[in-house]
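Encoded as structure tokens, the structure appears first; notes follow it.
Bear in mind that the values in this text are calculations on the coordinates, not laboratory data. As the structure is a computational prediction, the values presented were derived from the model and not from experiment. Here the Cβ positions follow ideal geometry from the backbone for every residue, glycine too, while neighbour counts run over all protein chains shown.
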Amino acid sequence: MTTVRILYFAAAREKIGQSEEELALPPGIANLGQLRALLARRHPILAQASIRGAVNQVFATADTPIAAGDEIAFFPPTTGG
Amino acid sequence: MTTVRILYFAAAREKIGQSEEELALPPGIANLGQLRALLARRHPILAQASIRGAVNQVFATADTPIAAGDEIAFFPPTTGG
Amino acid sequence: MLVRVQTEPFDINDEIKAITQGRDDIGGVGSFVGLVRGAPGFYSLTLEHYPGMTEKTLEHIAATAITRFGLLDVTLIHRVGTLKPGDSIVLVLAAASHRADALAATEFLIDWLKTDAPFWKQEHTTTGAIWVEARDSDEKAKQKWQDCSNHD
Amino acid sequence: MLVRVQTEPFDINDEIKAITQGRDDIGGVGSFVGLVRGAPGFYSLTLEHYPGMTEKTLEHIAATAITRFGLLDVTLIHRVGTLKPGDSIVLVLAAASHRADALAATEFLIDWLKTDAPFWKQEHTTTGAIWVEARDSDEKAKQKWQDCSNHD
């Protein structure tokens, strides 16, 4: 597998207009911050600092490594409970 | 009414051997401490500092005034909950 | 506000429904259920109380919590009679607009009930009947609410 | 430990029974029920979540509380879908030998669930649909558990 699966939730999903996409990981994209910067060109909401990210269903930061086959997600701060 | 009603609970009731008694309030007995000292002659457990008192169903101290018609109670520290 | 002394078990779901139904201003209900713990040689306990003073005290504790934490409602149910290990003894419910008040009040209510409500436990064990001793830790738990005028 | 995401209401009495039945070492169960509060012009909310990460996160929070407070069991149930004012949203149960641990853990669990579990609320109002904003107070409530290594 050479792709990553990217999920969007809540306001991020609505703004982006899709709940998920599949992306062939371009060379040079090795961590979440790099992927996010790349995606933010198409999806400006991802440039907002409040949007959080997860890698393989665990909260992640910009320097969290990513690899082909990973499940990546972006979403606003949670409001459950 | 010239009497007070005196109730005993739990270990105090068991030691004293009765759950309640009616007492004509003797002259000079004006507060809970005085009544307790009087009763302790017959019921030594009442001399124990741990035994608590109530007047008319409210926790009381030695200087709480008592009068004919009152409901007095003596009992060990509570252990509910 | 509801305070009740009863021999039969309570249904916490019914009690929460009773205080939340027909209104929409409650954001959270904190609760505590106390249970009888087992121990070697211990087979049951009998709960005695002071009818009249019990209800009066529970109502006073509930009213104090309502004022102090701005609660929307409180339920205090305490069982009496003979209970076995695993049985429930006491139910505390505190309803508030916000969770912090509901949870702080739940702790306040059970701490005060433990030291102030006139209930006494006698344990029936293989070596006889023993009146349970009051615990210093319960008195300390209550005092922490008096050291400061407000909970924080 | 039980974590569950569901659309239907929960019965707290059944859930407490499920964790207490067949054992006699639990002295207290702390709980919190969160409810939808009403407001002018607000008629319902829709709860969205991240299936998979939700369960993983709830399990992690429950396991953390079990270790930290020495709990005997934890139940976390969160509803999703459309809910109306007065409906229950979330149930937290923490069972322990002693009440102080059960109550502290209940607060810990709901504080962490609020900030870490991937749920999002959208409110349906007379002026349209609005995503609920995260509150600073929730983040602060969680941080108080990180400032000290132990709860006291």
Quick note, the stretch C:50-104: a/c under 1.5 would make it rounded; otherwise a/b > b/c is prolate and the rest oblate (a ≥ b ≥ c, C-alpha gyration tensor); here it is oblate
If you average over every viewing direction, what projected area does the convex hull of the Cα atoms of the stretch C:90-152 give, in nm²?
5.6
Per residue, the convex hull enclosing the Cα atoms of the stretch C:2-146 spans a volume in Å³ of 107
Could you give the nm distance between label points at A:Ala67 and B:Glu14, where each point is 7 Å from its Cα heading toward the beta carbon?
6.8
What are the distances, in nm and sorted shortest first, from the label point of C:His60 to the label points of the same position in each other copy, with each label point placed 7 Å from Cα along the Cα-to-Cβ direction?
4.9
Working only with C-alpha atoms, what are the Rg and Dmax values of the protein assembly as shown, expressed in angstrom?
27.6, 101
Place the label 7 angstrom along Cα→C-beta at D:Tyr43 and in each other copy, then list the distances from the first to the rest in nm, shortest first.
6.2
Chain D - percent relative contact order, Cα under 8 Å, separation 6 or more:
32
Once you've got the GNM for chain B with C-alpha springs shorter than 10 Å, pick whichever of B:Gly33, B:Gly53, B:Gly17 has the biggest mean-square fluctuation.
B:Gly17
Closest-to-axis residue of chain B (Cβ criterion, axis taking B to A), whole Å:
B:Gly81, 14
Just from its helices, what would the mean residue ellipticity at 222 nm be for chain D, if runs of 4 or more DSSP H residues each count -39500 (n - 2.57) and the sum is divided by every residue, rounded to the nearest 500 deg cm²/dmol?
-12000 deg cm²/dmol
For labels at A:Arg5 and C:Tyr43 in the simple 7 Å Cα→Cβ model, what's the distance in nm?
5.8
Looking at the stretch B:3-75, I'd like the Rg to Rh ratio, where Rg is from alpha-carbon atoms and Rh is Kirkwood's inverse mean 1/r.
0.91
Defining a contact as two alpha carbons under 8 Å apart and six or more residues distant in sequence, what relative contact order in percent does chain A show?
41
Starting from the Cα of D:Lys144, step 7 Å along the direction of its Cβ; do the same at A:Asn31; then give the gap between the two resulting points in nm.
3.4
Mind listing which GluC sites (Glu not before Pro) in the stretch C:81-152 are in a DSSP loop and have 16 or fewer other Cβ atoms within 10 Å?
C:Glu133
Sorted from shortest, what are the nm distances separating the label point of A:Ala67 from equivalent points in the other copies, each placed 7 Å from Cα along Cα to C-beta?
8.6
